[in-house]
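To keep things clear, I will list the structure first and then write my remarks on it.
Rule-based calculations on the coordinates, nothing more; no lab input. Here the structure is a predicted model, which is why all the values come from computation and not from measurement. Here the Cβ is made from the backbone with ideal geometry for all residues, glycine too, and neighbour counts use every protein chain on show.
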Amino acid sequence: MKNLLPYLKPYRKECVIAPLLKCTEALVDLFVPLLIARLIDEGIGTKSTSVIITIGLELLGLAALGLIIAMIAQWFSAKAAVGFSSKIRSVTFKHIQHLSFQSADTLGQSTLITRLTSDINQTQTGINMTLRLLLRSPFIVFGSVIMAYQVDPGSAWIFLLIVPLLAIVVYGIMWITIPLYRKVQGKLDKVVGISRENLTGVRVLRAFNLQQHETEEFDERNNALTAANVIVGRFSALTNPLTFLLINLATAVLLYVGAIRVNIGNLTQGQVVALLNYMAQILVELVKLANLIVTITKSIASASRVSKIIDTPSDMAYPETSEAPFEDGSVTFDHVTFTYQGAGAPSLTDVSFTARSGETIGVIGGTGSGKSTLVSLIPRFYDATEGSVKVSGHDVRSFTESDLRSHIGPVMQKAVLFAGTIRENMQYSNETATDEEIWEALELSQAAEFVRGKEDGLDEIVEQGGRNLSGGQKQRLGIARALVRKPAILILDDSSSALDFATDAKLRQAIKNLPYPHTTFIVSQRISSIRHADHILVLSETGELVGDAPHDELMKTCDVYREIYKSQYKEEPVNA
Amino acid sequence: MPKQSKSGSQREILRKVLRYIHRYIGLVIFSIILAAFICAFTLYLPILQGRAIDQIIGKGAVRFDGLIRILIVMGICTLLTSLAQWTQNVINNRITFHVVKDLRAEAFRKIQSLPLSYLDAHPSGDLVSRMIADADQFADGLLMGFTQLFSGVLMIVGTLGFLFSINYILALLVLVLTPISLFVARFIASRSYSHFKAQSVIRGNQTALIDEMIAGQKVVQAYGHQDAVQKRFDEINDNLAKTTLRATYYSSLTNPCTRFVNSLVYAVAAVCGAILVIRSRISVGQLSSALSYANQYTKPFNEISGVITELQNAIACAGRLLELIEMEPEKPETETPKDPETFTGKVDLEHVYFSYVPERKLIEDFSLNVEPGQKIAIVGPTGCGKTTLINLLMRFYDVNSGDIRVEDTSIYDMTRNGLRKGYGMVLQDTWIREASVRDNIAIGKPDASDDEIIAAAKQAHAHSFIKRLPNGYDTILHNDSDLSEGQRQLLCIARVMLALPPILILDEATSSIDTRTEMHIQHAFDRMSQGRTSFIVAHRLSTIRTADKILVMRDGHIVETGTHEELLAKGGFYTTLYNSQFAAS
């Protein structure tokens, strides 16, 4: 968590001033019982109304002083907490943006989102509370003890005895209950899990007649949760009664000891009242402190979750400058093996091939055979576990991030569009693209027609995730976006699956005739999409390259390819 | 999405809620008695303290006899109060957690019997949050609320009572001045509310941006768009920081301000009290008691106003939960069920009419006779209602009129379980539960041996990828991430291969599987469907060519039926569909 501390540095001033002011405010509180003692001993003792009123005004003055100090302190602590967490949020977001795909996959999307939102908010609350209370409460507790010594050392030992006892009770109970609460949370997760499953899987569960079984399972989990809650409740229910008991017993002892000391003339009645007041203040602050510790514990957990993200190195290092310029779109795989982190077996095994600039390469294979993995190694979304991937004759690891990626136009399986206009979406790949260039790309990707049909043309709003577009439209916009940057290497990863055959064919034709040199990778499950490629890479179920040749040759030499072909062309079309 | 509760007015919900608490009425009464007891003792203690102080007058003038007697009473009171507090806490916990348990159990049972039309129309996240979060909130709010409300009122009345018993002037002063702090608190709350509202709007925007950008991160990175995105993020983030600072600061003023008002009351009470002592109207001890009352008098007010908000919230939560619990369940099972002993696979639909909503007619006067062992295919463009037929066959939905007969018995004369025993179903929408691969496959046959499971997985062509998972068949699967859509489908197919049901329903069961694997699986299905009736929904026409009967659907209607050859000969909609699959190759 140390990596978060530097971001608190700009607020060093606030972090010192806020707690100091809060302590000053506490000091003001600590004087109140002394004034009450004087009120009783001097005011009432001498029956002087003017003394009483003076003390009353002093009480008011102290209250006003306390208010002003507190208002300033709250401002500083809010400023530090908000400023810090805002900075952390920005830094974390930036870090996430530059995480390698591998790291991002490992962390998971939903984790990243909760950490950026609720975890950072929790951290903010924690810092705010810490600055305001962490020093103040112990200050009052110890201050009360010291003041008690000031008033009467002979009875202050009761304070020295009771404070540690109270601390042991309050924190002992927390120490017992916090792990128990964690268990409760685990049991609750189980109840949530089965509830969710029974809703999402209702058809399957009913089809297999599992309602009775599920209800029994639910009852078991529900009862376990209740039992855990009752047990933890028994412990946490102890806090209030025990502190109440201790403080009041201590008060009784204090009254008795005080009485003895008053009787021998070492103490006055007013001072006894002051001591009782200090005792009461200690109780209030200890309860506050216990709540504070719960908040801080939560915040520390949140902060360490955030810090873990910042600590996750982007396990992809880029050189400062590219070792060689990016010249052409040739791609070479040299004995490439790739295993996803935590996977049991490699997704690609010893793959070697060469694609010359200007060629069209088809990639085909069964579900999970590593087709997408293969093409995602080209823009360095992942690094090969063994072997090397070369573009333009050099290892991909020898280019800077922007040199490498600015020449590649990948189109993913799932067309991701962002909220904004169509133009803004197109400019994702090339911020300086003119309308003319965008239209050209739309034309090529067979999207121009439907965009023209939209009321606002390029200014048409795309909703988040492209919800207001059909699957085919999204895919075509995704392809257009890649073409806007005029890539030397175009990667189409099963990106035309939602297009009908005729559009798909037109699209392939257009891409073949792009007005600039480019290598194209087409990943597909459809033979028709790739049969005209210069050569076709065929992957087996275990991620081995079992074929690398044009269609006609593969039909003769490659069993896997032939089987795929057969599965799609069992029958020649009617009337075709 | 927070919806207005339809379960009736707050009062009505409260009445219903009381029914659940009624089971624990003994405990509730006990808890209330304890609350009164605690309240009385807590208020009595400052009085005792005051009396004790009055025994300590000055040097040589301490009345030890009286003091010790008072201290002993104090000790006993304290002990009893602590005991009562603990008992009350434990009892309240017990009531709370058991009421929640009861509500959840009832909600879960309701989910098991709700018609699918309801479940289909309600997002599962919403229902889960009713069962979990709303149930928790309700229990916390209501039960804690009740006891705190009660003890809060007792405390206020008690404090005033004791104060008046000490001195009416002091009592009036406290009575009039203290509520000021409540006004101050409310004033600040209303000021900071607008800032909080602005904050939550901006926060919502930021979360939306985070959601979108993290979901699309790979694209952002692929196109090197990170800096532009960061700029947008920072803009919103700075805005958020500004409003958050204001909201946080204003709301953090509540505490110092109310404390100031309290100090004010305290000072006034101290001065007036001291003057009253001089005039011998009260004793020093009574002054000390009065001051500690003044100190604790605002607490119950704050608690009560908090409790009222919480109670309203609790009732709203209860309303949402009750809405679920009170939903109309499925039609009850027939009283004289005639469940078939064995299934041969004979299915007849007779003059079936069905629509999800009356305004939009879907299936009209549809009849179909399926002989044992026949393969029936249902084809048509996306969204034409193919799945509807399956919903009817499985009795996920009931027909509006007409009848469906299985083994010559109306399915409405069977129990649902008796009917579904005959079916095995694989849906396009795969569902994997959070459990091991093994348990996922064995869902339809929990007592299956390992060998049977592996054999089924092999038939479904799932064995090779399962073996490559980190722990093979013992790998625990999670909901979204681990498997590709195709792999999930293979697992679902393995389930059916294991259960070997008499009637097979495949709803786009292989849509995400590559054609070669699909072909292999098709062979397995073909072997399996020997002597089994099967219903197959598919968009790849090659898989359904061998069907005994093909139903062609369009816009919810069955427009053509026949065998592949018959339909092609017709040259109708089927021919168009069929050719569009191959036209461009």
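Structural remarks
- Counting only other chain Cβ atoms within 10 Å of each residue's Cβ, the peptide A:41-52 averages 4.
- Straight-line cross-link reach from residue B:549 at under 12 Å between alpha-carbon atoms covers these aspartates and glutamates, not counting any fewer than eight positions away in the same chain: B:371, B:560, B:565, B:566.
- In summary, the convex hull built on the alpha carbon positions of the stretch A:413-486 has an orientation-averaged projected area of 4.1 nm².
- Label-point separation in nm, residue B:44 to residue B:355, each point 7 Å along Cα→Cβ: 7.4 nm
- Nitroxide proxy distance, nm - points 7 Å out along Cα→Cβ at residue B:22 and residue A:212: 3.1 nm
- Given A:474/B:445; A:414/A:512; A:190/A:474, the pairs whose alpha carbons are separated by over 32 Å: A:474/B:445; A:190/A:474
- In Hz, Karplus ³J(HN,Hα) per residue of the stretch A:93-104 (6.51, -1.76, 1.60; θ = phi - 60°; x = Gly, Pro): 4, 4, 4, 4, 4, 9, 5, 5, 4, 4, 5, 5
- Compared with the dominant principal axis of the Cα atoms in chain B, helix B:450-459 is inclined by about 60°.
- Protection proxy ranking of A:443-453, A:124-134, by the mean of other Cβ atoms within 10 Å over each peptide's residues and highest first, is A:124-134, A:443-453.
- Of the peptides B:336-349, A:68-81, B:104-117, the order by per-residue mean of other Cβ atoms within 10 Å, starting with the highest, comes out as A:68-81, B:104-117, B:336-349.
- Computed about its Cα centre, the charge dipole of the stretch B:329-439 is approximately 420 debye, with only Lys, Arg, Asp and Glu carrying charge at their Cβ.
- Chain B: angle of helix B:168-177 to the longest principal axis, Cα-based, in degrees nearest 10: 40 degrees
- The translational diffusion coefficient of the stretch A:131-275, from Stokes-Einstein at 37 °C and 0.692 mPa s with a Kirkwood hydrodynamic radius over alpha carbon pairs, comes to 167 µm²/s.
- Which of A:125, A:473, B:169, positive extreme of dipole for the protein assembly as shown (C-beta unit charges): B:169
- Compactness of the protein assembly as shown, expressed as Rg and Dmax over alpha-carbon positions, Å: 37.7, 123
- Environment charge of residue A:372, counting only residues whose C-beta is closer than 14 Å and scoring Lys/Arg +1, Asp/Glu -1: -2
- FRET efficiency estimate (nearest 0.05) - Cβ-Cβ, residue B:458 to residue B:133, R0 51 angstrom: 0.75
- The long axis of helix A:239-263 is offset from the longest Cα principal axis of chain A by roughly 20 degrees.
- The stretch A:299-352 has equivalent-ellipsoid semi-axes of 34, 22, 7 Å, by the square roots of 5 times the alpha carbon gyration tensor eigenvalues, sorted largest first.
- A Förster radius of 35 Å combined with the Cβ-Cβ distance from residue A:300 to residue B:326 puts the calculated FRET efficiency at roughly 0.20.
- Here is the list for the stretch A:467-576: GluC sites (Glu not before Pro) lying in DSSP coil, each with at most 13 other C-beta atoms within 10 angstrom of its C-beta, are A:571.
- The string of couplings for the stretch A:522-529 from the Karplus curve (6.51, -1.76, 1.60, θ = phi - 60°) is 10, 9, 7, 9, 9, 4, 4, 6 Hz, one whole number per residue in order, with x for Gly and Pro.
- Taking the Cα centre of chain B as origin and assigning +1 to Lys and Arg Cβ atoms and -1 to Asp and Glu Cβ atoms, the resulting dipole is close to 3040 debye.
- For residue A:387, distant residues with modelled amide H under 5 Å away: A:337
- For a straight C-alpha distance cut-off of 18 angstrom, the lysines reachable from residue A:566 (same-chain residues fewer than eight places away being disregarded) are A:556.
- Each peptide in A:11-22, A:242-253, A:476-487 gets a packing score, the mean of other Cβ atoms within 10 Å over its residues, and the list from highest to lowest is A:476-487, A:242-253, A:11-22.
- Measuring between alpha carbons in the structure, the pairs from A:506/B:218; A:187/A:288; B:346/B:375 lying more than 20 angstrom apart are A:506/B:218; A:187/A:288.
- Only helices enter this figure: runs of n ≥ 4 DSSP H residues, each worth -39500 (n - 2.57), summed and divided by the residues of the protein assembly as shown, yield -20000 deg cm²/dmol at 222 nm to the nearest 500.
- Per-residue average of Cβ from other chains inside 10 Å of A:559-569: 4
- Residues residue B:168 and residue B:15, FRET efficiency given R0 of 45 Å [Cβ-Cβ distance, rounded to 0.05]: 0.60
- Cα-centred dipole magnitude for the protein assembly as shown, charges only on beta-carbon of K, R (+1) and D, E (-1), debye, nearest 20: 5260 debye
- Based on the Stokes-Einstein relation at 37 °C and a viscosity of 0.692 mPa s, and on the Kirkwood radius from alpha carbon pairs, chain A is assigned a translational diffusion coefficient of 108 µm²/s.
- Selection from B:379, B:332, B:356, by position along the positive dipole direction of the stretch B:308-436 (Cβ): B:379
- Along each principal axis, taking the top coordinate minus the bottom one, the Cα set of the stretch A:2-311 gives 89, 49, 29 Å in descending order.
- Under a 5 Å amide H cut-off, with hydrogens placed 1.01 Å from N, residue B:550 pairs with B:377, B:562, B:563 among residues at least 5 apart or on other chains.
- The residue among A:96, A:194, A:10 whose Cα reaches farthest toward the positive pole of the charge dipole of the stretch A:2-311, with charges on the beta-carbon of Lys, Arg, Asp and Glu, is A:96.
- Where labels lie 7 Å past Cα in the beta-carbon direction, separation of residue B:183 and residue A:402 in nm: 6.3 nm
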